[in-house]
Each structure stands twice: as C-alpha cells, then as structure tokens.
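Remarks on the structure that follows.
The values are calculated or read from the model by the stated rules, or taken from the named source; none is laboratory data. Fair warning: this is a prediction, and the values are worked out from it, not measured in the lab. Note: ideal-geometry Cβ built from the backbone for every residue, glycine included; neighbour counts use all protein chains shown.
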C-alpha cells in the first residue's frame, strides 16, 4: 500500500533536461509529518539517516510512502514513482523519543540506601520511547549498588524498597521451561529486593535459596 506524499517535494523541474530535484529539507519535513500522523503518542522524531537532495531524470515524478514497510517505528521507505513505475527507493531510519524528567544523584549514594529528595535532582532528558520505563524511579527506592555524583538513577541501580523479614511467609517460585510452580515458605533471614536469602518450606524441613523480586516473592535458582 502506498501513501502519496502530502507535502510537495517537487522543487525544481527543467523541461529540457526532463529532470527533477527533491530537496533534502522538504523530504525530511515530509518524513517527519508522515511519522507523526501515523502515531497517536506524543513524541519527537530523531532520524538516524542522513538526508540529501535527490535528483531524478524523468517527468511527472511522485514521491510516495510504502505503508507496508513503514508500519514499524524504525524506518520509513520513500518510493519515487513515474507512470506507476518505481524508479528509486530510499529508506530513512529513525527512533521515537520523548522529553522526560529523570533523577540524577547530587552526591555519592552508597548501596542499600533509601533514596530521598535531598540526594537527587530532576533534569530533562530526551529518551527513546523504548527506554522510558527504565527511568520510572520513585522516592523511597533503594540503591542496588553505589550511585556516584551526577549519575542517573535507573532500574539498573535502584530497586523498590520491598523487604522480607525473618519469620515471614513468602511466596516461592520455581520455574522449569514453560512450567512455573508456586509455594509458600518461611524466611530464615531479612532481605531486600535483589538480595538472596534462605527460606524453609512449610511442608518440609528443606532449606531453599533464592532471590527476592520486586513483588516480594522468592525466585529459586537466581
């Protein structure tokens, strides 16, 4: 399926030479508008490809987008057509980004420290839509590793402050391929998200080891 370019890209036509020039700036503008019109999310378009003027020989040349190729948010394909024949195709790669507020440390923060407002500041950053969730951090999260001054806080270095106390019952998860089994055990020690602790199964005296996930469950074998 093709979409006829809704911005006039035809900026120069010499009848004697039967040639046309498509301006790099106008092609980039048209690609931006095409991408924005087919998406409903608020975002910015960041092109990875370079744009250059396109000179073609022929008359009545139209620029159309290949909708089938352009259905994914990675690239658009622009076909240059005359008399229903594609004489040239160009692919422009891009990524969708959004300006969000992210936390950045204003001091050295040791591991296993609860994050407070006095330790961080918020700055605006252009982030790929695919990576926005990485920056979904809240006050009260705990550092999983040391965070240095001016370092960004992401889900790779902080975790929710979910804790398991010694003597508490905890859900134990064991997975093997596509099969997942859940059970109940008693914690034998305190632990936070990301830490390994020992537990005792309630239906036996067997001791198990696992890592606490963000839901406060114990995942065996991690």
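Just a yes or no: is a residue in region 172-188 touching a helix residue (DSSP H, G or I) at 6+ places or on another chain (Cβ under 9 Å) and either on the phi < 0 side of the Ramachandran plot or not assigned by TED's automatic domain parsing to the domain that holds residue 104 (or both)? No, that holds for no residue.
Count of region 87-111 residues, restricted to those that are within 18 Å of residue 36 (Cβ to Cβ) and touching a helix residue (DSSP H, G or I) at 6+ places or on another chain (Cβ under 9 Å), is 6. Of all residues assigned to region 212-219, none qualifies as being modelled with pLDDT under 85, closer than 30 Å to residue 107 by Cα and part of a strand (DSSP E or B).
The set of residues in region 137-175 that are over 19 Å from residue 214 (Cβ atoms), in a loop (DSSP other than H, G, I, E, B) and in contact (Cβ under 8 Å) with a residue 40 or more places away in the chain comprises 148, 149, 150, 151. Could you tell me how many of the residues in region 25-78 are modelled with pLDDT under 90, part of a loop (DSSP other than H, G, I, E, B) and either surrounded by fewer than 17 Cβ atoms within 10 Å (Cβ to Cβ) or over 23 Å from the mean Cα position of the chain (by Cα) (or both)? Residues that pass the stated criteria total 13. On the stretch given as region 82-133, residues that are closer than 13 Å to residue 158 by Cα, part of a loop (DSSP other than H, G, I, E, B) and touching a residue at least 40 places away in the same chain (Cβ under 8 Å) total 2.
Within region 176-211, the only residue that satisfies the criterion of being touching a residue at least 40 places away in the same chain (Cβ under 8 Å) and part of a strand (DSSP E or B) is 192.
Of the residues making up region 126-138, those that are at pLDDT 90 or above and either farther than 22 Å from residue 96 by Cα or in contact with a helix residue (DSSP H, G or I) (Cβ under 8 Å, 6 or more places away or on another chain) (or both) number 1. Checking region 191-211 against the condition returns a match, with at least one residue being surrounded by fewer than 14 Cβ atoms within 10 Å (Cβ to Cβ) and within 30 Å of residue 108 (Cα to Cα).
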